[in-house]
Amino acid sequence: MTAIIETRGLSRTFQVGTIAVRALQGVDLTIRSGEFVSIMGSSGSGKSTLMNLLGCLDTPTEGEYLLDGDRVENLSKNRRAAIRNQKIGFVFQGFNLLARTSALENVELPLFYDRASGARADRQAAVEALARVGLSDRMDHNPSQLSGGQQQRVAIARALVNKPSILLADEPTGNLDSNTTIEVVSLFRQLNEEGVTVILVTHEKDISEQTRRVVLLMDGRVIEDRATTNGRRREDG
């Protein structure tokens, strides 16, 4: 598998008053196309900062970030936004759905940034994305008419509608009960089996063990990077 993400000496420092806080300190990380990776760490370990950098939502203070072999840390905001829209899908803990908008219309939202394909094609892409997450029968429902798990599935469909090669999920099960968590993690595994590179930020060890590989952060540094039983089974097979 080819490397889809590479970081070299990636660091991020935030200025808090007169104090410089080093959220990330020299992170070297390679993620290959088709991997299913969890990023773990306690609060303040740097995992969300790393996710923001990988998702082109922020830029590093030091170091390099290569996405599909291209350096992105020095690109303009507009170019980084274009890369996000073309290559990366985001899933967040809070779903971030528009309350008075149907599931179908919520999923269509990312397509408004590029209407080259036309409204009809956009609608069809949203329909297909909802079908992919098992919500063909809930397209006309507003978020208030959906369970927490269904709302997260809508959010996942929205992340998939542009057919990104990378899916970044930041604590995606944080607002879900245990049964719904199992369903959502199973969906991520299914998407990964279909070829999507999935990077999942979590603080829950049992969830991380459902991925193929675990990267553990502490104080802004990678202190462990290992394959899980799922990852070893895949390699052995």
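Values quoted throughout were computed directly from the atomic coordinates according to the rules given, and no laboratory measurement underlies them. Please read these numbers as outputs of a predicted model, since none were measured by experiment. Virtual Cβ from ideal backbone geometry, glycine too; neighbours counted across all protein chains shown.
The distance between label points at SER144 and GLU128 comes to 3.3 nm (points 7 Å beyond Cα on the Cα→Cβ vector). For the pair GLU64 and ASN96, the difference between a 0.36 nm per residue extended length and the Cα-Cα distance amounts to 8.5 nm. Could you tell me which of VAL27, LEU97, VAL37 has its Cα farthest along the dipole of the chain towards the positive end, charges placed at Cβ (Lys, Arg +1; Asp, Glu -1), taken about the Cα centre? It is LEU97.
Taking a point 7 Å out from the Cα of ARG71 in the direction of its Cβ, the residues of segment 4-37 whose backbone N falls within less than 16 Å of it are 6-11. Taking the convex hull of the alpha carbon positions in the chain and averaging its projected area over all directions gives 13.7 nm². With the simple model of a label 7 Å out from the Cα in the direction of the Cβ, GLN190 to ALA227 spans 2.6 nm. Pick from SER208, SER45, SER178: which is most flexible by mean-square fluctuation in a GNM of the chain where alpha carbon atoms under 10 Å apart are linked? Sorting by GNM fluctuation, first place goes to SER178. With both labels modelled 7 Å from their Cα along Cα-to-Cβ, the PHE14 to GLU209 distance reads 3.2 nm. Can you grab the distance from the C-alpha centre of segment 37-89 to the C-alpha centre of segment 160-189, Å, no decimals? Value for the Cα centre distance between the two parts: 19 Å. Size check on segment 20-60: the Cα extents along the three principal axes, sorted descending, read 36, 22, 17 Å.
The mean sequence distance of close C-alpha pairs (under 8 Å, at least 6 residues apart), as a share of the length of the chain, puts its relative contact order at 27 percent.
By the count of neighbouring beta-carbon atoms within 10 Å, fewest first, PHE14, PHE112 end up ordered PHE112, PHE14. Sparse packing (at most 12 other Cβ atoms within 10 Å of the Cβ) combined with a DSSP loop state is found for none of the trypsin sites (Lys or Arg not before Pro) in segment 1-72. Each residue of segment 89-106 is assigned a 3J(HN,Hα), and the resulting list reads x, 10, 10, 10, 4, x, 6, 6, 9, 6, 5, 9, 10, 5, 4, 4, 5, 4 Hz, derived from the Karplus form 6.51 cos²θ - 1.76 cosθ + 1.60 (θ = phi - 60°), x at Gly and Pro.
When you count the other C-beta atoms within 10 angstrom of each residue and take the mean per peptide, 160-170, 55-65 line up highest first as 160-170, 55-65.
Computed from Cα positions, the angle between helix 77-87 and the longest principal axis of the chain comes to roughly 60 degrees.
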